[in-house]
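The values are calculated or read from the model by the stated rules, or taken from the named source; none is laboratory data. Everything quoted here is computed from the prediction, not taken from an experiment. Heads up, the Cβs are rebuilt from the backbone with ideal geometry, glycines too, and the neighbour counts pull from every protein chain shown. All accessible areas refer to the heavy atoms of the entire protein, side chains included, with ligands and DNA or RNA removed. Shrake-Rupley method; radii C 1.70, N 1.55, O 1.52, S 1.80 Å.
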Amino acid sequence: MSPTSTDLTPEPAVTPQVLVVGAGSAGVAAAVAAAESGADTLLVEATGHVGGTLAWQLLEHSAGFHDAAGNQVTGGVGQRIVALLQRYGGSPGHIPDDVGYTATRTPVNHAELAMAEAVLLHESGARLMLNTAVTGVSTEGSAVTEVRVETAGVGGSVIRPALVVDCSGDAVVFALAGAAMQTDRPGRTQPVSLMLKLGGVDFGPLLDYARTHPDDFRPGGHVGAADDDHVNLWGLGALLAAGHADGRLSWRRTELHLAGWPTRGEAVLNVTRTVSGYTVLARQVLETVDWFRRYVPGGANAYLAAVADRVGVRESRRVLGRRTLTQDDVLGARRDDTAVGIAAFPIDVHDADAPGLSHTDGLPAAYDIPFGTLVAQNLTNLLAGGRCISTTHEANGSARITATCFTTGEAAGTAAALAALGGFDAHAVDVGKLQAALRARGVIGARGR
Ligand SMILES: Cc1cc2nc3c(=O)[nH]c(=O)nc-3n(C[C@H](O)[C@H](O)[C@H](O)COP(=O)(O)OP(=O)(O)OC[C@H]3O[C@@H](n4cnc5c(N)ncnc54)[C@H](O)[C@@H]3O)c2cc1C
């Protein structure tokens, strides 16, 4: 298996030791970790891109690398990706959060992020199949035996892995395998959004407006300057209200998030929101661009530079693991002997019925991520990483952040490699050995017993 046999050339009878599904933040970390741990690793991704939601939902804004006090909680592959991007100039690294929502935030250029992740994958030796969607799963007893995939332009093939890590965001493999799922909030998941990137924004007038209208922004004590690398604004509620009252914005929002690159005149806006689908979001995107040009100081020459290539899903199916992370675990900064990492992002819940955030609950300190949140209850060779790990709806509001997805992906990939190389299943992983392996990889908070 060669690291160069990638993309559109699946081999017949693919039998990797570790199959990772989904090349988002979690899947990249899982595949890099599994391959570097010595397992023959294959990563399959439904779209033509590496990078998942962080890259192609155009967030340009990774979060959750530090706790509220500024202590780093995410290391490992996540930190290596940021360092690689910094080396190429695709990110300023971790910088203070201007609005005080978290201690730091980590701006990234989305396309450069995707390229950096692909470079890291190549160096790790993991094989990559793009445009390849998982369509079916066979099980025998408590094990996944076959994963069927369709590659665009090539056709179907069958993969027979020893271990599978589901980093699809949507728990696709778990669902196809008939695994038990979380049921704590049926039909009431968070709304979806379509991020958009504006070019042609004049940040001088925009930041002057922010400075002179502090009531229209989240307090943070700092408004960036027009010659800053990057600025962060949460607000513009008064202008959004005016646009809504005038009939130019068809939905109500009390604030938006703007992640801006002032010297480039680029601003990424998180403002659209629906529980319907893409076509509703598309109208909202056009209305937002029009509104920005008419109402926002410095916006007159703005144009739609890019729109996310996928609907941004905050929450969907989640696995019912051997252990489930709860709101009490997160808010209580709970410790756990089986910790495979830590996380500290606030619980951040967008309610479909509310024009603002439903609620944001800050954390006093980091919480532990127990190994059991990555492991299926009733399937022995299937692990989860990223947004679909075993959490309640509330805990998912914290654990879904990208820094934490890097951590859980890396833990699941490392565990899968240990199991595959040792010839045992995921339930039999020695957590002490896993923690030692993760610490050696630079994962923060994988404590020994
Ligand atoms: C609008 C919005 C704004 C957000 N803002 C921020 C923010 O500012 N900062 C932050 O850190 N986080 C933010 N988040 C949260 C964060 O982006 C996601 O929770 C995180 O990126 C999820 O990572 P993941 O690796 O679990 O999944 P993803 O990155 O979604 O990756 C899953 C991958 O699996 C692939 N896949 C799915 N099904 C299949 C299949 N059948 N076969 C093969 N591949 C498949 C998908 O194509 C995708 O590439 C935001 C989320 C949204 C929606």
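Considering only SER316, THR288, GLY445, whose Cα is most displaced toward the positive end of the charge dipole of the chain, charges sitting on Cβ of Lys, Arg (+1) and Asp, Glu (-1)?
SER316
Could you give the dipole magnitude of segment 196-307 about its Cα centre, charging the beta-carbon of Lys and Arg +1 and that of Asp and Glu -1, in debye to the nearest 20? Working shown, then result.
Details: 11 positive and 12 negative charges, 91 e Å.
That gives segment 196-307 a dipole magnitude of about 440 debye.
Which FRET efficiency value, to the nearest 0.05, is calculated for GLU123 and LYS433 with the Förster distance at 22 angstrom and r the Cβ-Cβ distance? Let's see the in-between values first.
Numbers: r = 25 Å, r/R0 = 1.12.
After rounding, the FRET efficiency stands at 0.35.
What part of the accessible area of segment 196-307, given as a whole %, is carbon or sulfur when the probe is 1.4 angstrom?
Within segment 196-307, the accessible surface is 51 percent carbon and sulfur.
Gap in Å between the Cα centre of segment 28-51 and the Cα centre of segment 126-145?
13 Å
With a/c under 1.5 counting as rounded, go ahead and sort segment 308-394 into rounded, prolate or oblate using the C-alpha gyration tensor (a ≥ b ≥ c being the square roots of the eigenvalues; past the cut-off, prolate if a/b is larger than b/c, else oblate).
oblate
Separation between the THR135 and VAL275 pseudo-spin-labels, each 7 Å from Cα along Cα→Cβ, expressed in nm?
3.3 nm
Tell me whether segment 196-307 comes out rounded, prolate or oblate; compute the Cα gyration tensor, take square roots of the eigenvalues as a ≥ b ≥ c, and use a/c under 1.5 as the rounded threshold.
It comes out prolate by the Cα gyration axes.
Averaged across orientations, what area in nm² does the convex hull of the alpha carbons in segment 116-238 project?
Dividing the Cα hull surface by four gives the mean projection, 13.9 nm².
Just need the relative contact order of the chain here, percent rounded to a whole number, with Cα pairs under 8 Å and 6+ apart.
23 percent
Could you give the angle, 0 to 90 degrees to the nearest 10, between helix 76-88's Cα long axis and the longest principal axis of the Cα atoms of the chain?
Here the helix axis deviates by roughly 50 degrees.
Specify the angular offset, from 0 to 90 degrees and rounded to the nearest 10, of the alpha carbon long axis of helix 402-422 from the longest principal axis of the alpha carbons in the chain.
Between the helix axis and the principal axis of the chain, the angle is about 10 degrees.
To the nearest 10 degrees, how steeply does helix 110-124 sit against the main Cα axis of the chain, on a 0 to 90 scale?
Compared with the principal axis, the helix lies near 20 degrees.
Can you give me the solvent accessible area of ASP229 with a 1.4 Å probe, rounded to the nearest 10 Å²?
100 Å²
Taking only the alpha-carbon atoms of the chain, what semi-axes of the equivalent ellipsoid follow from 5 times the gyration tensor eigenvalues under a square root, in whole Å, largest first?
One finds semi-axes of 37, 23, 20 Å for the chain.
Between ALA111 and ARG160, what is 0.36 nm times their sequence separation minus the Cα-Cα distance? Round to one decimal in nm.
Here the answer is 14.4 nm.
Once you put a point 7 Å from the Cα of ASP229 and another 7 Å from the Cα of ASP337, both along the Cβ direction, what distance in nm separates them?
With each label point 7 Å from Cα toward Cβ, the separation is 4.3 nm.
Note down the magnitude of the dipole of the chain about its Cα centre, charges +1 on Lys and Arg C-beta and -1 on Asp and Glu C-beta and zero elsewhere, to the nearest 20 debye.
About 380 debye.
For the residue pair THR15 and ARG264, what label-to-label distance in nm results when each label sits 7 Å from Cα along the Cα-to-beta-carbon direction?
If labels sit at THR15 and ARG264, their model points lie 4.6 nm apart.
Please list 3J(HN,Hα) in residue order for segment 131-142, calculated via the Karplus relation 6.51 cos²θ - 1.76 cosθ + 1.60 where θ = phi - 60°; whole Hz, with x for glycine and proline.
Karplus values, whole Hz, x for Gly and Pro: 6, 10, 9, 6, 10, x, 9, 10, 10, 9, x, 9.
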